[in-house]
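Everything on this sheet refers to the single structure shown next.
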Amino acid sequence: MNFQELNLIQPILQAVSEEGYTVPTAIQQSAIPHILIGKDVLGCAQTGTGKTAAFAIPILQLLSQKPAATRAVRCLILTPTRELAIQIDENFRAYGKYLKLKHTAIFGGVPQGKQVSIMRGGIDILIATPGRLLDLIHQGLLDISKIEKFVLDEADRMLDMGFIHDVKKVVAILPANRQTLFFSATMPESIMKLANSILRNPVEVKVTPVSSTVKKINQSVYFVEKQGKTDLLVEILNDATILRSLVFTRTKHGADKLVKQLSRTGIYAAAIHGNKSQNARQKALDDFRNSRVRVLVATDIAARGIDIDDLPHVVNYELPNVPETYVHRIGRTGRAGLEGTAVSFCDAEEKDDLRNIQKLIGFNVPVVKAAIK
Ligand code: AMP
């Protein structure tokens, strides 16, 4: 399935294609059609599955097709943390860049003045953390009584963080006649109870938990000192059966440096990251696809849009700080039932990152050899 088949309007298709997305993720394929016809949705999906686009894209489409009846906020997205609020706002910006809808994120921990003045200009889509939202409502600075679409994001985390009462207070002020989308990574009893109290006849959509997808990929980790990583990579890449390898670094500078080091040992590599022009990135990608370069060194942001069918080998030259990013990275391999291998390098400073990754995926990555104690 491609995005055209989801009946999306041209301005959204254009924006999504510029993000580098070619195929909708599983949660997008199953949720978007229901949301577009106005159904409530109960979505079981973790971060990293593309769930933000699964709600943001159809919301943008629905709101843009129905002119605003008021100047009040039309869509509210409630999310537990400031980081998520900012990220969701960025997604709305990306997918809605060719639409005229206004959106903003509000969260605590910063003065409210700027947020209030942005809202005075009129906002269609508001992304908020519960505390700041209630605060502004109580001060009479915000009206959510005209909300048409309500999204509760990461409901289980909301509960874990003790926001349940705030969530209930918000729901109590919302108009009864609305479309509600509810997302949670897990669905324990307490979450189901909350969901049942705010959804109306919802369609349930579920994607395979990240951990079970990840289990199919052959993973290993090397404990290695920082300075020893390049030599280890060269040693691994000396295996001629590895035809292509996607190597992740944390920084743009690190990517460039690694390409130079590899080239000195006779391994053809190219880097893609945000500092490169679109043309340079495209060329690197084409060279990689056509096997002119064997190794592509990428940062996470630049790698988002990469869609290469036959990618059997991924290396985490540096481990990501955000555990979900590990899942994204290694998910590039082993697609469509192909064998996938993901090798990670972990230095002394990265042990906490590895611990967090193992917590997320639910098992310990097998260790190949211990170079450091
Ligand atoms: P989320 O689960 O919403 O946090 O999304 C995870 C990441 O996947 C984000 O970096 C998105 O930009 C990216 N993403 C979302 N949908 C797609 C898609 N259809 N194709 C490729 N990347 C996507």
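The table for this structure:
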item	result
Every pair of residues 6+ apart whose Cβ atoms lie under 9 Å, when the first sits in segment 178-197 and is closer than 23 Å to SER145 by Cβ while the second is crowded, with 19+ Cβ neighbours inside 10 Å and among the polar types (S, T, N, Q)	LEU194/SER184; ALA195/SER184
Segment 225-256, residues that are under 28 Å from the mean Cα position of the chain (by Cα), in a loop (DSSP other than H, G, I, E, B) and crowded, with 16+ Cβ neighbours inside 10 Å	ARG244, THR249, ARG250
Cβ-Cβ under 6 Å pairs, at least 6 apart or on other chains, segment 46-59 side assigned by TED's automatic domain parsing to the domain that holds PRO24 and more than 6 Å from the ligand (Cβ to nearest atom), far side in a loop (DSSP other than H, G, I, E, B) and aliphatic (A, V, I, L, M)	GLN46/ALA185
Any pair with Cβ under 8 angstrom, 6 or more apart, that starts in segment 300-321 at a residue that is modelled with pLDDT under 70 and within 9 Å of the ligand (Cβ to nearest atom) and ends at one that is of a type in the set (Asp, Glu) and assigned to a loop (DSSP other than H, G, I, E, B)	ARG304/GLU19; GLY305/GLU19
The lone exception for GLY362 - which of (1) buried (at least 21 other Cβ atoms within 10 Å of the Cβ); (2) of a type in the set (Gly, Ala, Ser); (3) at pLDDT below 85 it fails	(1)
Number of positions in segment 187-217 that are in a loop (DSSP other than H, G, I, E, B), within 20 Å of GLN28 (Cβ to Cβ) and at pLDDT below 95	4
Failed condition for GLY108, given (1) modelled with pLDDT under 95; (2) farther than 17 Å from ASP89 by Cβ	(2)
Residue ID - nearest to the ligand (Cβ to nearest atom), chosen from residues in segment 265-299 that are charged (D, E, K, R) and part of a loop (DSSP other than H, G, I, E, B)	LYS276
Per-region count, segment 43-64, residues among the small types (Gly, Ala, Ser) and not in a helix (DSSP H, G or I)	4
Subset tally (residues that are under 14 Å from PHE182 (Cα atoms) and either out of contact with any Asp or Glu (no Cβ under 6 Å at 6 or more places or on another chain) or small (Gly, Ala, Ser) (or both)) for segment 35-52	11
Leading residue by the ranking (surrounded by the most Cβ atoms within 10 Å (Cβ to Cβ)) among those in segment 13-64 that are under 14 Å from the mean Cα position of the chain (by Cα) and hydroxyl-bearing (Ser, Thr, Tyr)	THR49
Residues (more than 7 Å from the ligand (Cβ to nearest atom), of a type in the set (S, T, N, Q) and either in a loop (DSSP other than H, G, I, E, B) or free of Cβ contacts under 8 Å to residues at least 40 places away in the same chain (or both)) located in segment 11-29	SER17, GLN29
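The values are calculated or read from the model by the stated rules, or taken from the named source; none is laboratory data. Keep in mind that this is a model prediction, so the values were computed, not measured. When we count neighbours, we look across all protein chains shown, and the Cβ atoms used for this are built from the backbone with ideal geometry, even at glycine.
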